[in-house]
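The values are calculated or read from the model by the stated rules, or taken from the named source; none is laboratory data. Not measured: the values here are computed from a predicted model. With ideal geometry, Cβ positions are generated from the backbone for all residues, glycine too; neighbour counts draw on all protein chains shown. Areas reflect the complete protein model, heavy atoms only, side chains present, ligands, DNA and RNA absent. Shrake-Rupley method; radii C 1.70, N 1.55, O 1.52, S 1.80 Å.
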Amino acid sequence: MLSFPDGLRLPTTTRVPVTTATFASGVLPPVVCYFATAFLVLLPRTQPVRIVLWPITAILAFRAATSLDVVELILQLSMFCITARALEWTVQTKPLIRMARRSSKQNSVLDMFDLISSGRGCGWDWSQGLYIPPETHPTSSRLAFATSTLVSGLKHLFLCGVIHSAVQSFSPETFGSDDGGTIFDESLPPHLRYLRSSIMATLCAFGIYSGLQAGYELTVVPCVLLLRQHPDQWPPSFDSPWRATSLREFWSRRWHQWLRRQFIFFGGRPLSLLFGRVGGVIGAFLVSGFLHHVALSAIDPSSEMWRMVMPFGMMGVGMIIERAVAGNKTGGWMGWIWTMCWMVLWGNVMVDGWARAGMFGGSSILDGMMPLRQPIERLVRTFDEYLHA
C-alpha cells in the first residue's frame, strides 16, 4: 500500500510541552517570517530577500511542527500552510495589489494583515475568476451582521455535533472510537453494505460542511465587532453545495475556495504545462488529496496516502468526463443525480480513510448533553439493527 513517504513523514521525537518560552522559541519564529514575507510581497524589488527568507521559514516551520506537544493536526496543518503560502509569495515577481479598500490611502501594514487572513483573495488582484456567493446575512450594520452570523454559526456547530454523534453510533467500538475501523461491514450483503456506508459518507459530508461553516462564522463575529472589519471582507464561503448540478459547479462555486490558489499553484499550473487543461484539473485535485493526507497523517501516521489522493483525484477525472460528454451544459435533475452519485461513490473511499484513522472517535459538542445525544444514538442503532436483521 502507498503510505506516507518516510522522507516526508514528520519524525517521531520527544515533544516538549507548550509554555510561554517554548511557544516564543518554537511557534513565533516561523510566524514572524511568514508575516515578513507577506509584507515584502507587497513591495517592489523584494524578491531576492524573499528567496533568502523562505528556506529559513520552512526550516523553522518544520521544527515547530515536530517539537511541540500540542494538537498535532492543527499545528502541522498550520505550519504546512505557512510554508506553502510563503513559497507562493516568494516566487511572485510583481507586488500583489489590493484592489478593494475601505480608504483611498494605502497602508501596507493593514494590507499585510488582510493578505494573511484572506485565503480566497477577496479584493486582491490575484483572485481573478473567484466566485463569491451571495450574502445571506443583513449588512445594514455591523451589529446586525454579527448577530445573524453568530446565530448561524451556533446552529451549524450544533448540527455538526448531531451528525458526529450519529456517525459514531453506527459502530462505537470500531470507527466510532479512537482506534478506528472501516465503514464497510463485511457481515452485510453488498447492496446493504454500500447503502450503509453511503449513508455515513453523506452524513459526513454534511458534518464537514457544518463544522467548517461554524468555524468560519464564529471567526467572523469578533473580526467584525472587535477589529471593526466591514462585512464585505467576510463574504459567505459556501453556496448550498447540495444543490450543485455538476461537479464543476460544486467545486468551483458551491464548496469553499479557501485553498483554491494553493491547489492551482502547486498542482494545477505545473501539470497544465505538461498535459494541458486535463493536467491542470487533475493536478489541483491531487494536491488537495495530498494536503488532506498530511492532515490525516497527524492523527494516524500509518494512514495510506492513496485513501485521500485517489478519491480527490477522481473528482478531477469526473470533471473531465463531464466536460467531454456534455461540455458546459451539465445541469438539471440529471446533472444533480450524476454529481451526487459521483460524490457519494468516491466519498465512500474518502470517509473510510478517515474512519480507519480514528477521526470519528473524538469528542463533540453533544458529549455533555446526554438528553439530546441518547435519542440520536437510539435512532441510529435501531436503523442499523434493521439493516442487520
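If you go through region 32-81, how many residues are under 30 Å from Met359 (Cβ atoms), open to solvent by 40 Å² or more (accessible area, probe 1.4 Å) and part of a helix (DSSP H, G or I)?
So the count comes out to 10.
Across region 255-269, what is the total count of residues that are surrounded by fewer than 22 Cβ atoms within 10 Å (Cβ to Cβ) and free of Cβ contacts under 8 Å to residues at least 24 places away in the same chain?
3
Wholly within region 270-389, which helices (runs of 4 or more DSSP H) include no fewer than the required count, namely at least 1 residues that are open to solvent by 20 Å² or more (accessible area, probe 1.4 Å), out of contact with any His (no Cβ under 8 Å at 6 or more places or on another chain) and more than 27 Å from Leu195 (Cα to Cα)?
306-326, 370-388
Collect the residues in region 115-136 that are modelled with pLDDT of 90 or more and surrounded by fewer than 18 Cβ atoms within 10 Å (Cβ to Cβ), keeping them in residue-number order.
Ile116, Tyr131, Ile132, Pro133, Pro134, Glu135, Thr136
For Gln92, only one of the following conditions fails: (1) in a loop (DSSP other than H, G, I, E, B); (2) under 24 Å from Leu218 (Cα atoms). What is its number?
Unmet for Gln92, out of (1) in a loop (DSSP other than H, G, I, E, B); (2) under 24 Å from Leu218 (Cα atoms): (2).
Condition check ((1) hydrophobic (A, V, I, L, M, F, W, C); (2) assigned to a helix (DSSP H, G or I); (3) open to solvent by 20 Å² or more (accessible area, probe 1.4 Å); (4) in contact with a Leu (Cβ under 9 Å, 6 or more places away or on another chain)) across all residues:
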| site | (1), (2), (3), (4) |
| --- | --- |
| Val162 | yes, yes, yes, yes |
| Ala166 | yes, yes, no, yes |
| Asp185 | no, no, yes, yes |
| Leu218 | yes, yes, yes, yes |
| Leu227 | yes, no, yes, no |
| Pro235 | no, no, no, no |
| Thr245 | no, no, yes, no |
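Any chance region 134-143 includes a residue that's within 20 Å of Gln229 (Cβ to Cβ) and assigned to a helix (DSSP H, G or I)?
Taking every residue of region 134-143 in turn, at least one turns out to be within 20 Å of Gln229 (Cβ to Cβ) and assigned to a helix (DSSP H, G or I).
Quick check, is Thr90 at pLDDT 95 or above, closer than 16 Å to Leu227 by Cβ and either over 21 Å from the mean Cα position of the chain (by Cα) or surrounded by 17 or more Cβ atoms within 10 Å (Cβ to Cβ) (or both)?
Spelling it out, it is not the case that Thr90 is at pLDDT 95 or above, closer than 16 Å to Leu227 by Cβ and either over 21 Å from the mean Cα position of the chain (by Cα) or surrounded by 17 or more Cβ atoms within 10 Å (Cβ to Cβ) (or both).
When Leu143 is evaluated against the numbered criteria (1) open to solvent by less than 30 Å² (accessible area, probe 1.4 Å); (2) under 18 Å from Trp234 (Cα atoms); (3) over 19 Å from the mean Cα position of the chain (by Cα), which criterion, by number, is the only one it fails?
Only one criterion in (1) open to solvent by less than 30 Å² (accessible area, probe 1.4 Å); (2) under 18 Å from Trp234 (Cα atoms); (3) over 19 Å from the mean Cα position of the chain (by Cα) is unmet by Leu143, namely (1).
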